[in-house]
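Trainee: First, the structure itself, so that you have it in front of you.
The values are calculated or read from the model by the stated rules, or taken from the named source; none is laboratory data. None of the values given here were measured: they were computed from a predicted structure. Here Cβ is always computed from backbone atoms with ideal geometry, including for glycine, and neighbour counts include all displayed protein chains. Surface areas here come from the heavy atoms of the whole protein model, side chains and all, with no ligands, DNA or RNA. Shrake-Rupley method; radii C 1.70, N 1.55, O 1.52, S 1.80 Å.
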Amino acid sequence: MNKKAEQRKVLRKIWKAVRPLLVVILSISIALAGVYAGVKILYNKYIMPMDSNDATPIEIVIPSGYGTSSIGKLLYESGLISNKAVFKIYVDFLGKSSNMKAGTYILSKNMDIPQMVDIICEGNPPRETMKITITEGTSVRDIGKQLVSLGLLDTPNEFYELCKTGSSFTEYSFITEIEDNPDEARKYKLEGYLFPSTYEVYVDSSPKFLINKMLLGFHTTFTSEYAARAAELGMTIDEVITLASLIEREAKTADFAKVSAVFHNRLTDDMTLGSDAPLRYIFDENTLQFTSEQMESRSLYNTHVYKGLPLGPITNPGEDAIIAALYPDEEFLGVYYYFCLKDSETGELVFAETLREHQKNVEKYRPNW
């Protein structure tokens, strides 16, 4: 018993001596774990990518003389980072503030801050640029020809091939959501999505870069409000753009909403749309007169033969046509089902409620075509 008591006494002395050290070690461990957890939370929240699944290209132009704070503000306003202060602290901590270079950069939300800082520090030497304007209703083929005429491309072949498959642009959800038809391939999968606008591009731009600029233009223009309205109408984005492309080719701006209403009426009543615009796209002919054989083409673009919308967009519509597709003229809904050209010089249209009235209009105004 005396021996056991002696052992207990020794253990108590050892514990009394070691206990403060263990408390210190445990306290430090808990503190370090807390710091690690805090750093990890901050890193995930502020340093990691804003959206690891979003590779949509975002062009950032950093002017000469911009410091870290200004660059951070630019990235924050572009949706690339979540906190300007954290960006500045990170850059300053690494001592890279003086290495940030002016230039034009293509970044995306799936990049973290270290990646973006490395790209900006590497620099992007100034390159000669030029402005190009893609007008509403210009097709993929005509855009290709325009880019060649401007000297941006030597040949449109690669541009056409990229537009045909769309396989190099899967970062855009509106492209990946397009449903392929097994019975007929679209002429160009990107038709309808090369948004008409004025762009500043490098004179040595690749076809892929040029296409990305236009797709980004569409991505920026087709807002969540438009997407919500499409869902309200029971339409996909692709169906809206296909309808908008018909409107763009069939009418002048003043008649867009009225023509949209006519098409919506015919879709609702399960009628063929009877538009000649897709025939011009099928046969690549800019004419108002088609042969009976052409009118009976079995292409899925032909709205004289098949009900519903054509296989896909037949041109690249502007925002006015897109808005018209989403918001048809309410006074024309359920009333007008036909229209024809009244004056080929002004583009003025005349609308009819019945087929008989429409046939009279065609007979009356055909000589003006």
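Trainee: Can you compute the modelled spin-label distance between residue 353 and residue 150, with each label point 7 Å from Cα toward Cβ, in nm?
Mentor: Going by the 7 Å Cα→Cβ label model, 4.8 nm.
Trainee: What full-extension length gain, to one decimal in nm, is calculated for residue 77 and residue 131 as 0.36 nm per residue of separation minus the Cα-Cα distance?
Mentor: Values: separation 54, 0.36 × 54 = 19.44 nm, distance 2.42 nm.
My answer for the length gained is 17.0 nm.
Trainee: Which pairs break 26 Å Cα to Cα here: 96/208; 145/187; 45/96; 187/213?
Mentor: Too far apart for the 26 Å limit: 96/208.
Trainee: Take every Cα-Cα distance within the range 103-191, group them into 10 Å bins from 0 onward, and report for each bin the whole-number percent of pairs it holds.
Mentor: Pair shares across the bins are 13, 29, 34, 20, 3, 0.
Trainee: Can you pull the semi-axes for the range 257-368, root of five times each eigenvalue of the Cα gyration tensor, sorted largest first, whole Å?
Mentor: Semi-axes, largest first: 20, 18, 15 Å.
Trainee: Classify the range 305-354: rounded, prolate or oblate, from the alpha-carbon gyration tensor (a ≥ b ≥ c, eigenvalue square roots; a/c under 1.5 rounded; otherwise prolate if a/b is larger than b/c)? Don't jump to the answer; show the numbers that get you there.
Mentor: On the way: a/c = 1.31, a/b = 1.18, b/c = 1.10.
Rounded.
Trainee: Across the range 217-369, how many lysine pairs, 8 or more positions apart or on different chains, have C-alpha atoms separated by under 16 Å? Please give the number.
Mentor: Working: 252/342; 258/342; 342/360; 342/364.
For the range 217-369, the number of qualifying lysine pairs is 4.
Trainee: Where is the GNM fluctuation largest for the chain (alpha-carbon springs, 10 angstrom cutoff): 81, 175, 89?
Mentor: Between 81, 175, 89, it is 89 that shows the largest mean-square fluctuation.
Trainee: To continue, here is another question. Just flag the trypsin sites (Lys or Arg not before Pro) in the range 246-353 sitting in loop per DSSP whose Cβ has no more than 14 other Cβ atoms within 10 Å. Before the final figure, lay out the partial values.
Mentor: Working: sites: 249, 252, 258, 266, 280, 298, 307, 342; in loops: 252, 298, 342.
Taking the range 246-353 and a limit of 14 other Cβ atoms within 10 Å, the loop trypsin sites (Lys or Arg not before Pro) found are 252, 298.
Trainee: Once you wrap a convex hull around the alpha carbon atoms of the chain, what is its projected area averaged over all directions, in nm²?
Mentor: Numbers: hull surface 123.5 nm².
Across all orientations, the chain yields a mean hull projection of 30.9 nm².
Trainee: Right, another one. With Cβ to Cβ distances under 11 Å as the rule, what net charge do the other residues near residue 309 carry (K, R +1; D, E -1)?
Mentor: 0
Trainee: I'd like the FRET efficiency for residue 342 and residue 98, computed as 1/(1 + (r/R0)^6) with the beta carbon distance as r and R0 of 51 Å, rounded to 0.05.
Mentor: In this case the efficiency is close to 0.15.
Trainee: Next question, about the same structure. Using Cα springs under 10 Å in a Gaussian network model of the chain, which residue among 78, 64, 205 shows the largest mean-square fluctuation?
Mentor: 64
Trainee: If each of residue 224 and residue 364 carries a label point 7 Å out from its Cα toward its Cβ, how far apart are those two points in nm?
Mentor: 4.9
Trainee: Additional query: Between residue 289 and residue 161, what is the FRET efficiency for a Förster distance of 30 Å, r being their Cβ-Cβ separation, to the nearest 0.05?
Mentor: That pair, residue 289 with residue 161, gives E of 0.40.
Trainee: Can you tell me the relative contact order of the range 210-356? Whole percent, Cα pairs under 8 Å, sequence separation 6 or more.
Mentor: 30
Trainee: Here's another thing I want to ask about it. Residue 198 to residue 45: extension gain in nm, 0.36 nm per residue of separation minus the Cα-Cα distance?
Mentor: Gain on stretching residue 198 to residue 45: 51.5 nm.
Trainee: Pull up all non-local amide H partners of residue 318: gap of 5 or more, or a different chain, and H-to-H distance under 5 Å with H placed in the peptide plane.
Mentor: Residues meeting the criterion, in which the H sits 1.01 Å from N, are 137.
Trainee: With angles folded into 0 to 90 degrees, how steeply does helix 207-221 sit against the dominant principal axis of the chain? Use alpha carbons for both and round to 10.
Mentor: Result, in degrees: 90.
Trainee: How compact and how long is the range 175-253, expressed as Rg and Dmax of its alpha-carbon atoms in Å?
Mentor: 14.2, 43
Trainee: Rounded to the nearest 10 Å², what accessible area does residue 52 have for a 1.4 Å probe in the complete protein model?
Mentor: Its accessible surface works out to 90 Å², give or take rounding.
Trainee: Quick check: net charge around residue 290, other residues with Cβ under 15 Å of its Cβ, Lys/Arg +1 and Asp/Glu -1? Could you put the intermediate results ahead of the total?
Mentor: Values: positive: 249, 280, 298, 366; negative: 250, 276, 284, 285, 293, 296.
Result for the neighbourhood of residue 290: -2.
Trainee: Something else: On a 0 to 90 degree scale, rounded to 10, what angle separates helix 140-149 from the longest Cα axis of the chain?
Mentor: 80
Trainee: Under 15 Å from the Cβ of residue 76, count the other residues' Cβ atoms, weight Lys and Arg +1, Asp and Glu -1, and hand me the total. Could the numbers behind the result be given before it?
Mentor: Values: positive: 45, 73, 84, 88, 109; negative: 51, 77, 112.
Here the charged neighbours net out to +2.
Trainee: On C-alpha positions alone, give me the angle between the axis of helix 84-94 and the longest principal axis of the chain, in degrees, nearest 10.
Mentor: Result, in degrees: 50.
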